Amino acid sequence: MTGAAGPPRWVPPPRPSAGPAPLFTPGSGDVVGGPTPVRSPPAGPAARPAVPPAGTPSAGAGPASGSASTVALPGPAATGGRGRRTSLAVRVTAACLLVAVVAVGAAGLVAVRLVAVTARTVTQEVLAQQADVVAAQLAETGGGLRAGAGMRRVVDVLAGQGVTVVVVTARGPRNAGILAPVLEESEVRRVLDGQPVSTQATSAGVRYLVEARPAPVGGFALVRTTETGPLGGGLVRRNLTVALLAGVAVAVVVGLVVGQLLARPLRRTAIAARLLRSGRRDVRVPVAGPAEVSDVAGAVNELADALARSEERQRRFLLSVSHELRTPLTAVRGFAESLADGVVTGPDAADAGRVIVREADRLDRLVGDLMELARLEADDFRLDPVPVDLAALAADAAAVWETRCADADVRFVLQTGPTRPVRADPRRLRQVVDGLAENALRVVPPGASLVLATGGDAAGSWLQVRDGGPGLSPEDYPVVFERGALHDRYRGRRPVGTGGVGLALVHGLVTRMSGTIRAEPAPEGGACFTLTFPAAGTAGTTALTPAGAGPSA
């Protein structure tokens, strides 16, 4: 027969190709810790490797939680096996580029319109000045454009500047060519009556500028297009193109720089989160960059601190529970061995049996509390809410606790005020009241009081358990409902419960029943625990302030 196979061992997955993440001390760039591989936990809870408690050094885990360090950014390969996504730097660059293109495009459209209007106006004025000069020269010579070599040179110079000179006679424009429709539309015949003409005309989709002047013999007209003016459209288009390209180049550079500056702390924060997921608790992120980015880094640091504190509390809680289990188990085993070996016989055997039963009951209560606390965190935890009268429930509990207080020489007081029915599970609510009363009676000295009080208003009702014991310190109230917190503080100094799960269980039960519970000093000198429930049929939980529940003076 083959031997039984041992439990399956978890084999770590292959390490990612990216290099390990070295640790950096805050505010410096010197490596102070060894390389630590970052690996994702295997799928399934059964195969998940154990994570060492916070504050416990482990191989390759870097310094303990007391000396938190800062994470240095590894390369982009550490992003894991997720689908490739667009980086923040690329998005910022694209946004800057889009803004630049839109801004330059909008400015270009406005500039083209303004420049076109300005170009036509300036070209028209220049053409008018040239026409005036030609008219003055014709008036001095007393002839026409074709009279004299000097005027022919003037015509040649104007033609070199893109200006066409057309002679206007009584029979119409001469040498007009394709400009005849333009001149006809411009009514240049008016110059024969001695009237100058300054206008614009469009022919075949081309805009022409026309300046006509009378001459001693007939008249003349200077014609040119806006494209050949001193501010031609080609020059404007070239300048706008250069401006657009310059804007795009600047946008790309600015986008890359800004994107890298914004993405760097975010990448650092993402790496820290992955290290936290892998079990590291000594990881801290430098709080730097814009306000939003620094807020994210601060939140990750707070999360790391909270995880470390939570795991440390869990470790202490497990140690406390182990201690509580070991004590009754030791007693049970010792008396059982004495009975089995015949050391205890006769009348002493009955005493040994009673000790075994008592310790077994203690173990049963501890295991029961732990199981209830674990089931509270499950979604299928069953509650049977019905309308409950808190005053009637307190009166039922008083019948039991009055007797127990009398046995302990403790004064029991029941204070009932008007209440409204609330929706709760009566069995669980009685369990809460009995648990709080049990804790109070354990620490109340003889002669002091234990109080059950009820009251309420239109919004809901409340129930209080107060005592005249030693009470709690101000540092106890923020952690009063955490598992094992008060048990660890007061073990050996005052009577404590079994395992330190009672108040955590009470808090969980009240919360699951849509109520609230708070702890504060009691007027009697001890602690006061107030349960508040909304009235049946109302939504939400209203924080009521019962009379006499505040701290004593």
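Throughout, read-outs are computed from the coordinates displayed, never taken from laboratory work. Predicted, not measured: the structure shown is a model, and the values here were computed from it.
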Please give the length that would be gained between Thr225 and Val343 if that part of the chain were fully extended, namely 0.36 nm times their separation in residues minus their C-alpha to C-alpha distance (nm, one decimal). 29.6 nm
Taking N as the number of residues in region 386-534, what value does Rg over Cα atoms divided by 2.2 N^0.38 Å take? 0.98
